[in-house]
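For reference, the structure is listed below as C-alpha cells.
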Amino acid sequence: MKRPILIHPDPRLKKVCVAVPDLSDDLRVLADDMLETMYAAPGIGLAAPQIGILQRLIVLDCVKEEDGEPRPLVMFNPEIISASDETNVYEEGCLSIPDQYAEVTRPKVVEVEWMDRDGNAQRETFGGLWATCVQHEIDHLNGKLFIDYLKPLKRQMITRKMQKLKRERARA
Ligand SMILES: [Zn+2]
C-alpha cells in the first residue's frame with residue numbers, strides 16, 4: 001500500500017527517530033509499503049519519517065540502468081561505521097522536497113551495518129550513488145535534510161517554495 005509522503009517543512013522531518021527494537025510483521029509491512037511508495041514516486045530512497053513514522057527504517061534501490069535488476073534494500077537501524085576521507089559531490093533531491101536539487105558533498109565510500117527484513121545483521125561497503133543515497137536516508141533518521149548542507153539563503157529559498165507548494169496543494 002502506498003503511503004503519502006510528507007513535504008518539508010514538517011516537524012516530523014526534524015525529529016531524531018527511535019531504534020526499532022524487534023522485527024514484527026507490522027514492520028515488514030511498513031518496509032514493503034515504503035518500497036512501493038518509493039518506486040511509485042519514483043525515487044531511489046525513502047526514510048520512515050518521510051511517511052510520518054519516527055522509527056529507524058530506510059529503504060533504497062539505486063540501480064539506475066533501465067534494464068538493471070532491481071535491488072531493493074530494507075535497512076532497520078542502519079549505522080555508518082566508517083566513512084572515507086575522500087569525498088564526492090552529487091546533485092541531490094528528496095521526495096519530501098519535490099523538484100529541488102542541489103550539490104552536496106559527502107564521503108565517497110561508507111561502510112554500513114543494519115538489520116535486514118529477515119532480522120539478520122548485514123554489513124556492506126557502498127560507493128557511488130549508493131553511498132550518497134544511504135547517507136541521505138540515514139540523515140533523515142536524525143532529522144537532517146540535504147538542504148541543511150546548503151547556505152542559509154539557498155535553504156530559505158527552497159523552504160519558501162515548499163511552503164507555497166503546500167499551500168497550493170491544500171487549496172486544490
Ligand atoms: Zn530525502
State all residues of the stretch 81-96 that are away from the ligand (no atom under 16 Å from the Cβ) and touching a residue at least 24 places away in the same chain (Cβ under 8 Å); if no residue qualifies, say none. Ile81, Ser82, Ala83, Ser84, Asn88
Going by the structure shown, is Asp61 away from the ligand (no atom under 12 Å from the Cβ) and touching a Pro at 6+ places or on another chain (Cβ under 6 Å)? yes
Top-ranked residue in the stretch 129-172 [being at pLDDT 95 or above and of a type in the set (Gly, Ala, Ser); ranked as nearest to the ligand (Cβ to nearest atom)]: Gly143
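State all residues of the stretch 127-172 that are of a type in the set (Gly, Ala, Ser) and either in a helix (DSSP H, G or I) or on the phi > 0 side of the Ramachandran plot (or both); if no residue qualifies, say none.
Once the filter is applied, which keeps residues that are of a type in the set (Gly, Ala, Ser) and either in a helix (DSSP H, G or I) or on the phi > 0 side of the Ramachandran plot (or both), the stretch 127-172 yields Gly128, Ala131, Gly143, Ala170.
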Looking only at the stretch 62-114, how many residues end up being of a type in the set (Asp, Glu) and either in contact with a Lys or Arg (Cβ under 8 Å, 6 or more places away or on another chain) or at pLDDT below 95 (or both)? 7
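With in a strand (DSSP E or B), under 28 Å from Asp32 (Cα atoms) and more than 16 Å from the chain's Cα centre (by Cα) as the only criterion, which of Glu79, Glu124, Glu92 stands out?
Criteria check complete, one pass: Glu124.
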Checked Val16, Val74 against criteria (surrounded by fewer than 17 Cβ atoms within 10 Å (Cβ to Cβ), in contact (Cβ under 8 Å) with a residue 12 or more places away in the chain, at negative phi and among the β-branched types (Val, Ile, Thr)); the one match is Val16
Checking Lys164 against (1) farther than 26 Å from Gln55 by Cα; (2) touching a Cys at 6+ places or on another chain (Cβ under 7 Å), only one condition comes out false. Which one? (2)
Could you look through the stretch 53-73, keep only residues that are within 20 Å of Pro4 (Cβ to Cβ) and not in a loop (DSSP other than H, G, I, E, B), and pick out the one that is farthest from the chain's Cα centre (by Cα)? Gln55
Between a residue in the stretch 112-138 that is closer than 20 Å to Ser24 by Cα and any residue that is within 15 Å of the ligand (Cβ to nearest atom) and not aromatic (Phe, Trp, Tyr), which pairs come within a Cβ distance under 7 Å, given they are 6 or more apart or on different chains? Trp114/Met75; Trp114/Pro78
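The values are calculated or read from the model by the stated rules, or taken from the named source; none is laboratory data. Given the structure is predicted, the values throughout are model-derived calculations rather than measurements. No Cβ is skipped: glycine too gets one built from the backbone with ideal geometry, and neighbour counts run over all protein chains shown.
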